[in-house]
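Reading through the structure tokens given below for one structure.
The values are calculated or read from the model by the stated rules, or taken from the named source; none is laboratory data. As the structure is a computational prediction, the values presented were derived from the model and not from experiment. Cβ placement follows ideal geometry from the backbone for every residue including glycine, while neighbour counts extend to all protein chains displayed. Quick note on the areas: whole protein, heavy atoms, side chains included, nothing else; ligands and nucleic acids left out. Shrake-Rupley method; radii C 1.70, N 1.55, O 1.52, S 1.80 Å.
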Amino acid sequence: MKLKQRVVLLAILLVIFIFTKVFLIDNLDTSAANREDQRAFQRMLSGLRVALDPRLEHTLQSPWEIAAQWVVPREVYPEDTPELGAVMHAMTTKKIIKADVGYKGTQLKALLILEGGQKVVFKPKRILGFRRAPLVVGRFVNLRTEIKPVATEQLLGTFMTVGNNTCFYGKCYYCRETEPACADGDIMEGSVTLWLPDVWPLQKHRHPWGRTYREGKLARWEYDESYCDAVKKTSPYDSGPRLLDIIDTAVFDYLIGNADRHHYESFQDDEGASMLILLDNAKSFGNPALDERSILAPLYQCCIIRVSTWNRLNYLKNGVLKSALKTAMSHDPISPVLSTPHLDALDQRLLSILATVKQCTDQFGPDVVLVEDRMTLSHL
């Protein structure tokens with residue numbers, strides 16, 4: 001099966017980063033605060049079923065209004081909210097009242113309007129998640145009864161029947177009439193991504209560790225081990241949280257096997273304090289046996305990482321990551337989301353990340369490598 005047709009479901013940190021209130025969890029730290037953090041983590045794991053329970057919908061007047069109020073400069077939804085399950089349930093069940101071709105990009109997608117006026121993006125067999133990414137949940141859609149009756153002429157013109165299956169190819173850079181996405185009969189499995197509120201316009205940036213995508217031509221970071229020193233002198237990476245966001249993203253991308261982070265988005269601001277928003281994670285979970293270490297270049301070239309990220313990663317070793325993900329994904333409508341080889345690969349990649357940080361601390365010391373969130377790069 002081609003990579004773009006794989007189930008690229010990034011439930012990785014949707015639950016891990018929502019439900020882990022872990023800030024100072026060093027295995028060698030046995031303080032009362034540490035023990036309480038660990039107990040909080042266990043409570044969060046045991047509370048997954050409650051947090052994602054769709055029956056909480058009765059507490060909402062409008063799930064879309066609630067979700068719009070969550071967005072702030074450093075997160076798109078809260079760390080802990082009882083309405084999360086209700087919003088995600090609405091994304092999978094609310095009636096589709098309009099369907100159109102998706103916004104520009106390389107992959108097939110459709111823009112849907114759900115009952116209540118909420119925009120969502122439907123992607124065949126894909127889902128992502130993070131507190132720095134819009135909420136995403138799996139959904140089964142009947143193309144014949146739910147999409148075609150409300151589709152625009154532009155989208156409807158890309159529908160076709162292949163054998164007994166309803167298909168469409170949409171409009172995108174790689175969309176071809178000869179390679180449509182086909183349902184199983186009329187039912188298509190995919191993901192629904194919550195559209196960010198229009199009051200939060202996005203700004204696109206080229207990733208400083210992006211690849212050239214030109215055969216025989218390397219990017220500077222691929223041959224210059226001192227490249228991070230140059231990045232630190234360049235705005236917006238010379239101050240504020242952006243470089244630490246880049247390194248968090250490298251950790252995330254390495255776990256999911258995404259080597260295609262050529263651009264990223266942030267909310268528009270003049271100070272560079274807005275978070276890096278993860279919107280394009282489609283080329284992930286390809287070969288579980290392949291670990292592309294170069295994805296971690298921002299980490300091992302800069303040799304800095306947030307203390308909070310380091311502590312979370314430490315607590316997720318020894319099978320905790322795999323167990324938490326299986327629990328989280330069991331609630332998704334299209335469960336199972338990831339195969340066992342992919343879950344095993346995540347645990348192995350986590351160990352590689354921890355080993356990389358240890359190499360840095362052995363060389364430079366933990367006081368240099370482990371950076372408090374509030375610290376600016378002018379201190380480094």
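Some observations on this one:
- Checking every one of the chymotrypsin sites (Phe, Trp or Tyr not before Pro) in segment 179-248 against DSSP loop status and a limit of 16 other Cβ atoms within 10 Å picks out 213, 223.
- Surface calculation, 1.4 Å probe, protein heavy atoms: residue 81 sits at approximately 10 Å² accessible.
- Sparsely packed GluC sites (Glu not before Pro) within segment 118-207, loop by DSSP, other Cβ within 10 Å at most 14: 177
- Sparsely packed loop sites in segment 226-307 (the GluC sites (Glu not before Pro) outside DSSP H, G, I, E and B with at most 16 other Cβ atoms within 10 Å) comprise 271, 292.
- Cα centroid separation, segment 137-184 to segment 278-298 (Å): 28
- Ranked by solvent-accessible area (1.4 Å probe, protein heavy atoms only, all chains present), the residues 147, 66 order from largest to smallest as 66, 147.
- Total charge dipole magnitude, segment 202-249, about the Cα centre, Cβ charges on Lys, Arg, Asp, Glu only, Debye to nearest 20: 280
- Solvent-accessible surface of segment 285-380, averaged per residue with a 1.4 angstrom probe and all protein chains in place: 45 square angstrom.
- Pairs of alpha carbons in segment 277-330 whose separation is greater than 17 Å (percent): 64
- Accessible surface of segment 311-374, 1.4 Å probe: 49 percent of it comes from carbon and sulfur atoms.
- Across the cross-link table entries 119/171; 171/217; 283/326, which are compared at the Cα atoms, the separations over 28 Å belong to 171/217.
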